[in-house]
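Colleague: I'd like to ask some things about the structure below.
The values are calculated or read from the model by the stated rules, or taken from the named source; none is laboratory data. Treat the numbers as computed from the prediction; the structure is a model and nothing was measured. Virtual Cβ from ideal backbone geometry, glycine too; neighbours counted across all protein chains shown. What goes into the accessible areas is simple: the full protein's heavy atoms, side chains included, and nothing from ligands, DNA or RNA. Shrake-Rupley method; radii C 1.70, N 1.55, O 1.52, S 1.80 Å.
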Amino acid sequence: MHDFMDYCLRTYFKTIGWNDDNQYSNLCSASRAILDFQTPRGLTFAISKIQFPLLKASYSMNISPILNGSLGYLFTSRPLKVDPSEHVNFIEMIDRFHINYVPKNYLHGNFDNSDNSKIKDYLLYGRLFVPTGRLEAIYSRKFSQWMQCVVTAVSDPRSKAASHVTTELQYDVGQWCTELSYTTDGELFGVRGLYNFTNYNQEEISTNSNNEESIVQNKMKKKVKDIETPLVERNVFDVPSESEDDEEVEALKGEWSIGAELYYGIRERSGGVSAGIRYRTLPQFSSQSPLSVTYLINPIMGHMSAAFAAQVSDDLALCPRFDFNMYSYESDLIIGAEWWQREKSDIECENQSNDDTVNKMVLQGEVNGIVKATVGTSRGVTLLWEGRYGKTLFSLGLIADLTSKISPIRSIGLQFQYFS
């Protein structure tokens, strides 16, 4: 589950219209949400306060196994719409499998020169950990509708090697995105690029909605329409209509993306390169379950990874991932799943057929919990349960190694979040 500051940071990028999923570093975000989730350790309490729309504050304390804590502040150039933990949309607080597709094509000649577009949005964030004295800071500045700069810094008085500053210049026009980065840790320079191949035009995409809520509503309307048609009026030998043919064609529409990364460290005088490819269905078109297929390769290190993530039902998503090293022949297989828990809905759709039978369907309620589980050949079993209890949000995690006879449970943790 995202902490309050991470939630505000994502809300900020969403408010200014920046899609961080359209980056090479987030090429495998769909599979990572299912397989690489973080579990809490020990007992943690986090309390956050919305001082006013421009300023947010957060305080956290970990009681077990070691007593420590942190305090952080976040300031933005424009107000953020952040609801308290009691009423916040739970699905925005969790890192879940979803295809966040926001079609855009920012043309330099069509740039809006209104007063709103001239505002260069910025963000300031700082977090201090006690008693270690570790300090984290983020500064983000948006220069234009398609360019922004993000500077992150870490200062650790216990280890000078851990202190560093990283600067990223991001340029995103929708169809392609590039990132230039530099970090003082090893004087590392890097460049990343991602290009999206699409088999549709911008006029066609503009006629469809790019909002997840409207997509869910369209699926629900389709289910209601199926129920409204009595079974006695259906014939399996009927010739498919044009609308059914269109749905089959739309189900084949997707997006191919290809990207690469190149980096070089001046201090170590060594570099690296990686490349990846991704295919995913588009929720604006496809009436089938969303899926994402990714493949990454690092030829210098000899590592390759392939993952397939798919939503097999409205509340269940599965993902296997296979890692292999061409030089050492080491491999790892991990399988994960996530299941959404929903509130009970009292809304029902009824339809009376010719034989006076009534068909009922209970519409799905809002998501108020999620359960994740992974099992792998090297990491063992990981479980995570996140939900809402009263006015607070909680996360319960467990990491176990069933092959260990001494201590099969590696860690267990519980975290509570409250903000108002």
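Colleague: Name the one entry in GLN51, GLN38, GLN23 that is over 11 Å from the mean Cα position of the chain (by Cα), more than 28 Å from ASP121 (Cα to Cα) and of a type in the set (S, T, N, Q).
Modeller: GLN38
Colleague: For the stretch 268-280, state whether one or more residues are more than 16 Å from the chain's Cα centre (by Cα), within 30 Å of VAL381 (Cβ to Cβ), surrounded by 14 or more Cβ atoms within 10 Å (Cβ to Cβ) and not small (Gly, Ala, Ser).
Modeller: There is at least one residue in the stretch 268-280 that is more than 16 Å from the chain's Cα centre (by Cα), within 30 Å of VAL381 (Cβ to Cβ), surrounded by 14 or more Cβ atoms within 10 Å (Cβ to Cβ) and not small (Gly, Ala, Ser).
Colleague: Please find, among GLU343, GLU366, the residue that is charged (D, E, K, R), touching a helix residue (DSSP H, G or I) at 6+ places or on another chain (Cβ under 8 Å) and at pLDDT below 90.
Modeller: Unique residue meeting the criteria: GLU366.
Colleague: Which residue is nearest to SER411 (Cα to Cα), if the candidates are limited to the stretch 37-62 and must be open to solvent by 80 Å² or more (accessible area, probe 1.4 Å) and in contact with a strand residue (DSSP E or B) (Cβ under 7 Å, 6 or more places away or on another chain)?
Modeller: Taking the candidates together, the pick is ARG41.
Colleague: If you go through the stretch 155-168, how many residues are surrounded by 15 or more Cβ atoms within 10 Å (Cβ to Cβ) and not acidic (Asp, Glu)?
Modeller: Residues meeting the conditions: 5.
Colleague: Residues that are aliphatic (A, V, I, L, M), at least 3 per element: which strands (runs of 3 or more DSSP E) completely within the stretch 1-103 meet that?
Modeller: Counting at least 3 such residues, we get 42-52, 55-64.
Colleague: Now for a different question. Pairs only if they're at least six apart or on different chains, beta carbon under 7 angstrom, first in the stretch 69-95 and closer than 21 Å to ARG141 by Cα and open to solvent by 10 Å² or more (accessible area, probe 1.4 Å), second assigned to a strand (DSSP E or B) and hydroxyl-bearing (Ser, Thr, Tyr); list them, first residue then second.
Modeller: Final answer for the pair search is SER77/TYR122.
Colleague: Additional query: Within the stretch 142-164, count every residue that is within 25 Å of LEU27 (Cβ to Cβ) and either in a loop (DSSP other than H, G, I, E, B) or more than 22 Å from the chain's Cα centre (by Cα) (or both).
Modeller: 6
Colleague: Residues VAL232, VAL236: which one is over 23 Å from ASP21 (Cβ atoms), at pLDDT below 50, touching a Ser or Thr at 6+ places or on another chain (Cβ under 7 Å) and open to solvent by 80 Å² or more (accessible area, probe 1.4 Å)?
Modeller: Answer to the check: VAL232.
Colleague: From SER77, SER114, grab the single residue that is at pLDDT below 90 and of a type in the set (S, T, N, Q).
Modeller: SER114
Colleague: In the stretch 242-253, is there at least one residue being part of a strand (DSSP E or B), at pLDDT 50 or above and either in contact with a strand residue (DSSP E or B) (Cβ under 9 Å, 6 or more places away or on another chain) or more than 30 Å from THR167 (Cβ to Cβ) (or both)?
Modeller: no
Colleague: I'd like the full set of residues that are at pLDDT below 90, within 22 Å of PHE37 (Cβ to Cβ) and open to solvent by less than 30 Å² (accessible area, probe 1.4 Å), limited to the stretch 281-330.
Modeller: Across the stretch 281-330, the qualifying residue is only PRO290.
Colleague: Filter the stretch 280-319 for residues that are in contact with a Phe, Trp or Tyr (Cβ under 6 Å, 6 or more places away or on another chain) and free of Cβ contacts under 8 Å to residues at least 24 places away in the same chain; which is farthest from SER270 (Cα to Cα)?
Modeller: Selected residue: VAL293.
Colleague: On to the next question. Which ones in the stretch 1-12 are open to solvent by less than 30 Å² (accessible area, probe 1.4 Å) and either of a type in the set (A, V, I, L, M, F, W, C) or within 17 Å of ARG96 (Cα to Cα) (or both)?
Modeller: HIS2, PHE4, MET5, TYR7, CYS8, THR11
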